Amino acid sequence: MSDVLLALSGTLAPANLVILVLGTLIGVIIGIIPGLGTVMAVALLIPFTFGMAPEIGISLLIAVFVGGVSGGCVTAILLRMPGTPSSVATVLDGYPLAQQGRGGEAIGNAVVGSFIGTIISTAALIVFAPLLAQFALRFYFPEFVAVSLFALTAISAVSGTYLIRGIFAALLGLLFATVGISETDALPRFDFGLPAMQAGFNFVPAIMGLFAISQMIKLAGEPRSDAEVSARGLQAGLPSVAEFFRNTGNYLRSGVIGTVIGVVPAVGAATAGLISYAQAKAWSRTPERFGQGHVPGIIASETANNAVVGGALIIALTLGIPGDPTTAVLLGGLMIHGIAPGAQLFNNHPEVIYSIYFTMIFSSLIMAIALIAFLRPLARAALLPRAVLIPVVSLVACVGVFSVNGNIFDLYVMLGFALLGLLMEKLRYPLAPLVLGMVLGPIIEGNLRLMLGQFGDITPLFTRPIALTFMCLSLLTVIYIAVRRLRERSQMKAERPSG
Amino acid sequence: MRGAPSRIARYEDAIVGLVALAVAGLLLWATFNFRAVNWTPLGLAFWPRVILAGIALTAVMLIIARQLDTHEPFRILRPELTLFAAIAGFVIALPVIGFFATGLIYSFVTIIWLDSAKALGPLRAGLLALSATAVTYGVFGFGLKVWLPVGLIGDGLGF
């Protein structure tokens with residue numbers, strides 16, 4: 001109880017509240033601007049957390065995460081352009097509603113849905129994370145290898161269109177993680193005689209290059225958008241009490257869907273929103289109204305995509321397995337503060353865990369208040385000229401990277417990863433498996449070598465029940481994706497006109 | 001419905017595979033120069049070699065597949081190359097002329113270049129560049145106590 005009160009008083013301290021508010025607002029603004037994304041938002045803020053206590057630093061990053069996922073609904077509704085991929089399903093009913101002059105009502109309902117979704121998944125996080133953490137105490141070297149391989153396989157299979165590209169990207173990520181001093185042997189690998197290479201590729205420059213700089217470069221090459229946001233008279237319209245209670249089933253169902261999907265590696269907020277939307281339509285008495293500007297469609301999408309945050313944190317904090325790039329960056333931020341996720345986190349750093357719980361609740365509240373009270377100026381963020389956005393974001397990213405170690409070499413690493421990120425996107429290779437490979441590589445290697453040292457071979461992966469379960473899940477994921485792909489290909493061939 | 005692209009990429013995945021195979025080969029050779037250790041049976045090179053074997057295998061599969069999907073050939077657009085060059089210039093100049101000057105020049109030049117519609121103009125671009133650089137310097141330099149480079153010129157002037 002004292003840890004809970006300590007964490008609450010820490011979160012409510014004036015300086016920390018200011019940090020929470022700023023972090024949420026920054027997340028909302030970046031979420032509103034199409035093309036930036038929550039990964040970039042979280043990555044850009046990591047350098048700012050270096051001088052903070054770990055629980056405050058990670059709380060800032062989570063506030064940005066929550067704000068970013070929520071902010072995407074504004075442009076999804078007003079411009080038919082989701083600010084973040086998580087709001088892709090919100091377009092389906094949000095934009096038609098905006099065209100009917102009810103954009104404020106759409107955003108109001110989206111905000112309430114986002115708030116409820118975050119609260120539902122936070123409740124799940126509070127209840128289930130400690131239980132899973134206790135279960136994770138039974139994990140030994142083979143289990144960590146198996147669950148990491150499952151996460152990597154899942155994200156390779158689901159990211160992008162082709163499994164082989166996902167696996168290739170994951171292997172690249174694993175390879176990058178081997179550069180520098182080996183954690184197991186404390187000796188350098190692939191340094192090519194350069195002292196700067198002995199430190200390896202720092203996570204922050206790699207992430208900034210892949211998600212911030214490469215994104216700005218891509219934005220510079222895109223044609224100018226003629227979209228206009230008419231913010232005149234725009235005001236978020238909250239649902240009435242009767243409307244709220246009429247949609248209770250939708251809120252609860254969508255919250256559960258989002259939380260469960262968040263727990264599964266690689267699926268993500270965008271898929272959660274789409275699945276929840278489809279379920280809301282299936283359960284509705286008026287399914288024909290979906291797609292015409294129907295509020296329950298917006299509620300389903302936004303509740304589910306925000307609920308993914310808590311679900312993803314359940315697995316990330318207890319097993320140390322990030323299910324998506326944003327959570328991978330979050331975990332990277334945690335590890336930079338010297339705090340390792342996993343079962344011991346709950347025992348050794350309860351103040352961090354409780355801070356995370358309170359942050360989820362308060363940041364969702366701040367997000368809701370900000371979007372309702374300041375919708376008009378926030379909506380204008382969508383139209384920030386790229387002539388200002390690109391230089392400012394790239395400048396902040398460069399300085400953020402430099403601030404990690406005060407080392408110019410990190411900036412060259414950032415440039416290298418920026419080029420790689422750009423090439424991969426143009427060649428349609430997914431970035432998510434590469435990021436996860438870099439995060440999970442040391443975990444897999446360390447535990448694999450310990451397992452081989454103790455057991456002599458890899459049979460524990462197939463003889464220990466928990467490890468075997470995850471290995472089977474990995475195999476099933478690959479088979480499922482391969483079969484689905486083959487079916488799609490034969491369907492396309494059958495539909496192609498002959499001759 | 002979108003029409004088919006006028007030019008279709010044919011060998012992109014094969015080229016990726018070939019490059020990956022070549023790099024994997026080079027790195028595999030590099031693993032034989034790792035220091036030998038006698039306190040663990042597997043050694044430094046074990047895990048990198050496992051990964052490189054995986055990369056070689058997927059590279060061969062990509063070469064066999066040649067091109068997995070139909071789309072226009074990959075190309076880097078001139079604005080993308082220009083921005084990359086600008087950021088690279090910023091990184092190279094940073095230790096020489098220091099953060100403030102480099103940041104200011106980079107921001108101003110990039111804003112002017114990207115503002116092709118001349119909506120902002122040079123005066124506003126200059127003010128925006130100055131504000132962005134000053135705020136970034138203030139937040140990182142004073143707020144987060146990050147030492148930002150003053151450059152060789154700043155060093156010479158005793159900063």
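The values are calculated or read from the model by the stated rules, or taken from the named source; none is laboratory data. Everything quoted here is computed from the prediction, not taken from an experiment. Here Cβ is always computed from backbone atoms with ideal geometry, including for glycine, and neighbour counts include all displayed protein chains. Surface areas here come from the heavy atoms of the whole protein model, side chains and all, with no ligands, DNA or RNA. Shrake-Rupley method; radii C 1.70, N 1.55, O 1.52, S 1.80 Å.
For the reader, a short list of remarks on this structure follows.
- Close amide H pairs (under 5 Å, H built 1.01 Å from N) link A:SER284 with no residue at least 5 positions away or on another chain.
- Sorting A:316-325, A:463-472 by their mean Cβ neighbour count within 10 Å, with the most densely packed peptide first, gives A:316-325, A:463-472.
- The order of the peptides A:102-108, A:2-8 by mean Cβ neighbours within 10 Å, most packed first, is A:102-108, A:2-8.
- Mean per-residue shielding of peptide A:214-223 is 5, counting Cβ atoms of other chains within 10 Å of each Cβ.
- Rounded, prolate or oblate (a/c below 1.5 giving rounded, otherwise prolate when a/b exceeds b/c) for region B:64-159 by Cα gyration tensor: prolate
- Whole-number percent relative contact order across region A:154-310, with pairs defined as alpha carbons under 8 Å at least 6 apart: 19
- Nearby lysines by direct alpha-carbon distance to A:LYS218 (threshold 19 angstrom, same-chain neighbours under 8 apart not counted): A:LYS426
- Per-atom-type breakdown for chain A gives carbon and sulfur 65% of the accessible area (1.4 Å probe, protein chains only).
- Note that region B:2-131, at 4 °C in a medium of 1.567 mPa s, gets a Stokes-Einstein diffusion coefficient of 66 µm²/s from its Kirkwood radius over C-alpha pairs.
- Association of chains A and B removes close to 5500 square angstrom of accessible area from solvent, both sides included, for a probe radius of 1.4 Å.
- Degrees, to the nearest 10: A:408-426 long Cα axis against longest axis of chain A: 60
- Across peptide A:187-193, the average count of Cβ atoms from other chains found within 10 Å of a residue's Cβ is 4.
- Here the Kirkwood formula, the inverse mean of 1/r across different C-alpha pairs, assigns the protein assembly as shown a hydrodynamic radius of 25.8 Å.
- For chain A, the longest principal axis of the Cα atoms and the long axis of helix A:432-455 meet at an angle of about 40 degrees.
- As a rough guide to protection, the peptides A:394-404, A:55-65 ranked by mean Cβ packing within 10 Å, highest first, stand as A:55-65, A:394-404.
- Overall form of region A:69-156 per C-alpha gyration tensor (a/c, 1.5; a/b vs b/c): oblate
- Backbone HN-Hα couplings from phi across region A:89-105 [Karplus 6.51/-1.76/1.60, Hz, Gly and Pro as x]: 6, 5, 4, 4, 10, x, 5, x, 5, 5, 5, 7, x, 10, x, x, 5
- Summarising the amide proton neighbourhood of A:ARG189: residues at separation of 5 or more, or on other chains, whose placed amide H is nearer than 5 Å comprise A:GLY180, A:ILE181, A:SER182.
- Region A:1-153: translational diffusion in µm²/s, Stokes-Einstein, Kirkwood Rh over Cα pairs, 20 °C, 1.002 mPa s: 122
- Helix A:163-178 and the longest principal axis of the Cα set of chain A meet at an angle near 50°.
- Counting, for every residue in A:165-176, the Cβ atoms of other protein chains within 10 Å of its Cβ and taking the mean gives 5.
- Going from the isolated chain to the complete set of protein chains, region B:130-150 loses at least 40 Å² of heavy-atom accessible area (1.4 Å probe) at B:THR136, B:PHE140, B:LEU144.
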